[in-house]
Amino acid sequence: MKRTYNFNAGPAAIPLAVLEKAQSELVDFNGTGMSVMELSHRSKSYEEVHNRASALLKELMGIPEEYEVLFLQGGASLQFAMIPMNFLKSETDAHFIMSGVWSEKAQSEASKIGNTNILASSKDDRYTYIPETFEDPAEGSYIHLTSNNTIYGTQWQDFPITKLPLIADMSSDIMSREFDVSRFSLIYAGAQKNLGPSGVTVVIVKKDMLAETNEQIPAILKYSTHSKQNSLYNTPPTFAIYMLSLVLEWIQEQGGLAAIEALNNKKASLLYDCIDQSGGFYSGHAEKTSRSAMNVTFTLKNEELTKAFIKESIESGFSGLGGHRSIGGCRASIYNAVPIEACQALADFMANFQKKHA
Ligand code: PMP
C-alpha cells in the first residue's frame, strides 16, 4: 500500500491507525452487526461513542468543569453567524482582532447582526504577523480572534487575558498544543484539520455564556438548545463524531497534547530551518515571531519556479503544497496526523530542488 505525503490544508491527513481501525469496524461495529453509520443516534451503542468523544476531549484538553463540549454542524462558517446571533447584544460591540481572511469572514458575518469594532489588524502588512497588542476594551459583548491563520501561516504564540469574554476560532490548531482553556468563553473548530473528517464542528463553551443566549432566534441556532440535549437535538453527524473519538484515542496513545506539541514543533522546525538556511531561495511569508506550527507558508523567487516546485513535488509523491489561491506561493499543512517522516522527506525534497534550480 502506498500512502501519499499529504500536506492538504483541510480536509487533511488522518492518522493511518485511525483509518485502519475504522476500516476494521466498518461493517460490524462493536458486535452490533451494522456500521456505526447505520446505528440509531438514540441507541445505546451510539450514545457511548458520542459521550466518549466528549469525555476524551475534556480530558485531553484539560477543559474545566464550568465548560460544555458541543458537537454541531455547519462548519466553522456557521459559528461566524451563530456567535453574534447568540451573544452580540444590541447597543454593544463585538470586537475583532484581524489576522487573516477567516477573521474577516467572522467579522463580516457579525456585522450583519450588530455592531462590530476592529481592535487590531495586520492586514496592512499582508497578514504576515499576529497583531497582539491592542487596548483591552471594558465595554462590548465579546472579543474574537483566530488562533491560527491557515492561509497566511501565522499563529498566536500566547493568548491575551481580556476583560470581556474571549472567543477563538481554533479550526486549524485545536489539539496541536497545550493551552489554558479558561482564558476563553467559547472555542470552536471545524474537525477537518486536526480532529478527523469534515462534518462535525466542536464548540467548547463556558456555561455562564449559555445563560446569555438570545432567546429570540430559532432553536437550532441556539447554543442552549444543543447543550440541553447533549448535542442530540437533531441527528448529529454520527460517523464524523465516531471518527473524532478514534482520533482522540490516537492522541491519547501518542502521550496527549504535550507529546503532540513537542512533535509538532520538531516537524515545523525541519521546514522552517530549510527555509532559513536556503539563503533566500525560499522565503517565509510569516514573520518569525508569528510562525505557525501547523501551516508553513513560503514563496520562491518567481511564478515559474513556484510552478516547477509544485509540479516536481507532485511527481515525487507530495500532495497539497500549493498556497491558498488568495496569496499564492506554497504551503505545507503539517497537522497532528502528518508524520515527522513526511516533513523530513519534504525538507529533503526542498533542499534537492534548490540544488537543482539555484
Ligand atoms: N476558520 C479557519 C481558521 C479555517 O481555516 C477555515 C477553513 N479552512 C474556516 C474557518 C472555515 O471552516 P469551514 O469550512 O469548516 O466552515
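Based on C-alpha coordinates, I'd like the Rg and Dmax of region 1-85, in Å.
Values for region 1-85 (Cα only, Rg and Dmax): 16.5, 48 Å.
Treating each Cα of region 47-203 as an identical point scatterer and ignoring solvent, apply the Debye formula and state log10 I(q)/I(0) at q = 0.17, 0.18 Å⁻¹.
Each listed q maps to, in turn, -1.01, -1.13.
Please report the antiparallel percentage of DSSP beta bridges with both residues in the chain, rounded to the nearest 5.
On the way: 21 of 39 bridges.
In the chain, DSSP labels about 55 percent of beta bridges as antiparallel.
With labels modelled as points extended 7 Å from the Cα through the Cβ direction, what inter-label distance (nm, one decimal) is found for Glu341 paired with Ala17?
Once both label points are built, they end up 1.4 nm from each other.
In terms of Cα to Cα distance under 18 Å, which lysines are near enough to Lys2, apart from those fewer than 8 places away along the same chain?
Partners found: Lys21.
Loop-only check: which GluC sites (Glu not before Pro) in region 1-88 are DSSP coil with at most 16 other Cβ within 10 angstrom?
Details: sites: Glu20, Glu25, Glu38, Glu47, Glu48, Glu59, Glu65, Glu66, Glu68; in loops: Glu65, Glu66.
Within region 1-88, the qualifying GluC sites (Glu not before Pro) (loop, at most 16 other Cβ atoms within 10 Å) are Glu65, Glu66.
For all pairs of alpha-carbon atoms in the chain, what percent lies in each bin of width 10 Å, listed from the first bin to the last filled one?
5, 24, 31, 24, 12, 3, 0
Would you mind giving the three semi-axes, in whole Å and largest first, of the ellipsoid equivalent to region 236-300 according to its Cα gyration tensor? Present the calculation step by step, with values, prior to reporting the outcome.
Working: eigenvalues 208, 42, 15 Å².
Here the semi-axes work out to 32, 15, 9 Å.
Which residues does a label at Ala259 reach in region 1-37, if reach means a backbone N under 16 Å from a point 7 Å past the Cα toward the Cβ?
15-18
Taking H placed 1.01 Å from N in the peptide plane, check which residues at least 5 places from Asn295 or on another chain put their amide H under 5 Å from its amide H.
Ile334
Using +1 at the C-beta of Lys and Arg and -1 at the C-beta of Asp and Glu, which of Val202, Leu145, Ile167 has the Cα lying farthest in the positive direction of the dipole of region 93-240?
With unit charges placed on the Cβ atoms, the residue in question is Val202.
No solvent, one uniform scatterer per C-alpha: report log10 I(q)/I(0) for region 133-255 via the Debye equation at q = 0.16, 0.20 1/Å, two decimals.
At q = 0.16, 0.20 Å⁻¹ the computed log10 ratios are -0.93, -1.31.
Which listed residue (Tyr233, Ala211, Ser121) has the Cα farthest towards the positive end of the charge dipole for region 119-260, taking +1 on Lys and Arg C-beta and -1 on Asp and Glu C-beta about the Cα centre?
Most positive-ward Cα: Tyr233.
Modelled label-to-label distance, Glu287 and Ile161, 7 Å Cα→beta-carbon offset: nm?
In this crude label model, Glu287 to Ile161 measures out at 2.4 nm.
Could you derive backbone 3J(HN,Hα) for region 164-177 from the dihedral phi with the Karplus parameters 6.51, -1.76 and 1.60 (θ = phi - 60°), listing whole Hz in sequence and x where the residue is Gly or Pro?
Once θ is set to phi - 60°, the couplings for region 164-177 become 7, x, 9, 10, 10, 8, 10, 3, 9, 9, 4, 6, 9, 6 Hz.
Considering the Cα positions of region 222-349, please state its Rg to one decimal place and its Dmax as a whole number of Å.
When restricted to the Cα atoms of region 222-349, Rg and Dmax are 18.7, 57 Å.
Which residue, Ser319, Ser333, Thr306, has the largest displacement toward the positive end of the dipole of region 251-358 when charges sit on each Cβ (Lys, Arg +1; Asp, Glu -1)?
Thr306
Compute the Rg to Rh ratio over region 270-334 from the alpha carbon atoms, using the Kirkwood formula for Rh, and round to two decimal places. Let's see the in-between values first.
Values: Rg = 11.3 Å, Rh = 12.1 Å.
Across region 270-334, the Cα-based Rg/Rh ratio is 0.93.
Express in whole angstrom the spacing between the alpha-carbon centres of region 64-137 and region 223-297.
For region 64-137 versus region 223-297, the Cα centre distance is 20 Å.
Apply the Karplus parameterisation 6.51 cos²θ - 1.76 cosθ + 1.60, with θ equal to phi minus 60°, to every residue of region 137-149 and state each ³J(HN,Hα) to the nearest whole Hz, in sequence, with x for glycine and proline.
Ordered by residue, 3J(HN,Hα) equals x, 9, 10, x, 8, 5, 10, 10, 9, 10, 5, 9, 9 Hz.
Let me spell out the model: positive unit charges on the Cβ of Lys and Arg, negative unit charges on the Cβ of Asp and Glu, origin at the Cα centre of the chain. What dipole size does that give, in debye rounded to 20? Don't skip to the answer; put the middle values down first.
Working: 31 positive and 40 negative charges, 171 e Å.
That gives the chain a dipole magnitude of about 820 debye.
Using only the alpha-carbon atoms of region 45-113, report the extent along each of the three principal axes, biggest first, to the nearest angstrom.
43, 24, 24
Quick one: putting +1 on the C-beta of Lys and Arg, -1 on the C-beta of Asp and Glu, what dipole do you get for region 162-270 around its Cα centre, in Debye to the nearest 20? Intermediate values should be presented prior to the final figure.
Values: 10 positive and 10 negative charges, 23 e Å.
That gives region 162-270 a dipole magnitude of about 120 debye.
Given the pairs Lys105/Lys222; Lys193/Lys355; Lys105/Lys301; Lys58/Lys266, which span a C-alpha to C-alpha distance of over 28 angstrom in this model?
Working: Lys105/Lys222 20 Å; Lys193/Lys355 32 Å; Lys105/Lys301 30 Å; Lys58/Lys266 26 Å.
In this structure, Lys193/Lys355; Lys105/Lys301 exceed 28 Å between Cα atoms.
From the phi of every residue in region 118-126, what ³J(HN,Hα) in whole Hz does the Karplus formula 6.51 cos²θ - 1.76 cosθ + 1.60 yield, where θ is phi - 60° and glycine or proline is x?
Each residue of region 118-126 in turn: 9, 7, 7, 8, 10, 4, 4, 10, 6 Hz.
Since every read-out is calculated from the coordinates, none of them should be taken as a lab result. Nothing here was measured: the structure is a model prediction, and the numbers come from that model. Cβ sites come from the backbone with ideal geometry, for glycine too, and all protein chains shown count toward neighbours.
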